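Note sheet for the following structure.
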């Protein structure tokens, strides 16, 4: 059973040096109340894992603007000028990962796999320092799992068992990140106290959820 708490107590779990996966893409599906609470406490030296670093004043971009992030694994940083400026000034380390590869590496962690094989990145700088395997005459990169310490997940609804459903495209990377993290913290728009989400509607089972907070923003 998950622990139901508030945003302030939830972000107190985050310590300097922690790695956090954020289910967000251009702030859609971002756990904004949790992000705002983390900005407020100012915990720094964080490693961010996200599809995109969003915008300077929206989504996970707030953490970068506030200079709480030391390194990032992401697929897209083009909409956040703060990310670009800090990378240019060597204030933040950026690893650009193809989006499909990023999510598959997270899925591998959640599924207990030792890695994935993908042709994406062969012949580019993406392959630098990585093992290349030949299978059936084709070359593949061995990409290792990404296992975050924490995941900040945004759900539309959570029931008392921690089962989750999402709102349309806000689903994006949230389910796979919930599986991958050691500790999953969910921000839900609605928490069902007296009913449960029908099994056929559940997207993320409660077994992957550790903490649930009520969203404080629309």
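The values are calculated or read from the model by the stated rules, or taken from the named source; none is laboratory data. Owing to the predicted nature of the structure, the values given are computational and were not obtained by experimental measurement. A quick note on method: Cβ atoms are made from the backbone with ideal geometry, for glycine too, and the neighbour counts reach across all protein chains shown.
Odds and ends about this structure:
- Condition check for residue 39: in a helix (DSSP H, G or I) and within 22 Å of residue 93 (Cβ to Cβ): yes
- Candidate set from the stretch 60-74 (those that are part of a loop (DSSP other than H, G, I, E, B) and touching a strand residue (DSSP E or B) at 6+ places or on another chain (Cβ under 8 Å)); member that is surrounded by the most Cβ atoms within 10 Å (Cβ to Cβ): 60
- Matching residues in the stretch 45-59 - criterion: being in contact with a helix residue (DSSP H, G or I) (Cβ under 9 Å, 6 or more places away or on another chain), assigned to a loop (DSSP other than H, G, I, E, B), in contact (Cβ under 8 Å) with a residue 12 or more places away in the chain and farther than 10 Å from residue 24 by Cα: 56
- Matching residues, the stretch 161-174, being surrounded by fewer than 18 Cβ atoms within 10 Å (Cβ to Cβ) and in contact with a strand residue (DSSP E or B) (Cβ under 9 Å, 6 or more places away or on another chain): 167, 168, 169
- Qualifying residue in the stretch 138-149 (condition: touching a residue at least 24 places away in the same chain (Cβ under 8 Å), within 20 Å of residue 176 (Cβ to Cβ), assigned to a strand (DSSP E or B) and in contact with a helix residue (DSSP H, G or I) (Cβ under 8 Å, 6 or more places away or on another chain)): yes
- Residue 176 vs. criteria within 20 Å of residue 10 (Cα to Cα), touching a helix residue (DSSP H, G or I) at 6+ places or on another chain (Cβ under 9 Å) and not in a loop (DSSP other than H, G, I, E, B): no
- For the stretch 75-122, a residue qualifies if it is surrounded by 19 or more Cβ atoms within 10 Å (Cβ to Cβ), in contact with a strand residue (DSSP E or B) (Cβ under 6 Å, 6 or more places away or on another chain) and part of a helix (DSSP H, G or I), and the qualifying residues are 104, 105, 108.
- Given (1) in contact with a strand residue (DSSP E or B) (Cβ under 6 Å, 6 or more places away or on another chain); (2) over 26 Å from residue 172 (Cβ atoms), index of the condition residue 143 fails: (2)
- When each of 30, 21 is tested for being within 24 Å of residue 190 (Cβ to Cβ) and either in a strand (DSSP E or B) or at pLDDT below 95 (or both), the lone residue that passes is 21.
- If you go through the stretch 179-196 and keep only what is under 13 Å from residue 150 (Cα atoms), outside any strand (DSSP E or B) and free of Cβ contacts under 8 Å to residues at least 40 places away in the same chain, you end up with just 182.
- Residue among 181, 158 that is under 27 Å from residue 17 (Cα atoms) and buried (at least 21 other Cβ atoms within 10 Å of the Cβ): 181
- Members of the stretch 1-11 found to be touching a helix residue (DSSP H, G or I) at 6+ places or on another chain (Cβ under 7 Å) and in a loop (DSSP other than H, G, I, E, B), listed by number: 2
- Residues being farther than 16 Å from residue 151 by Cβ and either in contact (Cβ under 8 Å) with a residue 12 or more places away in the chain or surrounded by 22 or more Cβ atoms within 10 Å (Cβ to Cβ) (or both) - total across the stretch 1-34: 10
- Across the stretch 197-218, the qualifying residues are those that are assigned to a loop (DSSP other than H, G, I, E, B) and modelled with pLDDT of 95 or more, and the one among them that is surrounded by the most Cβ atoms within 10 Å (Cβ to Cβ) is 209.
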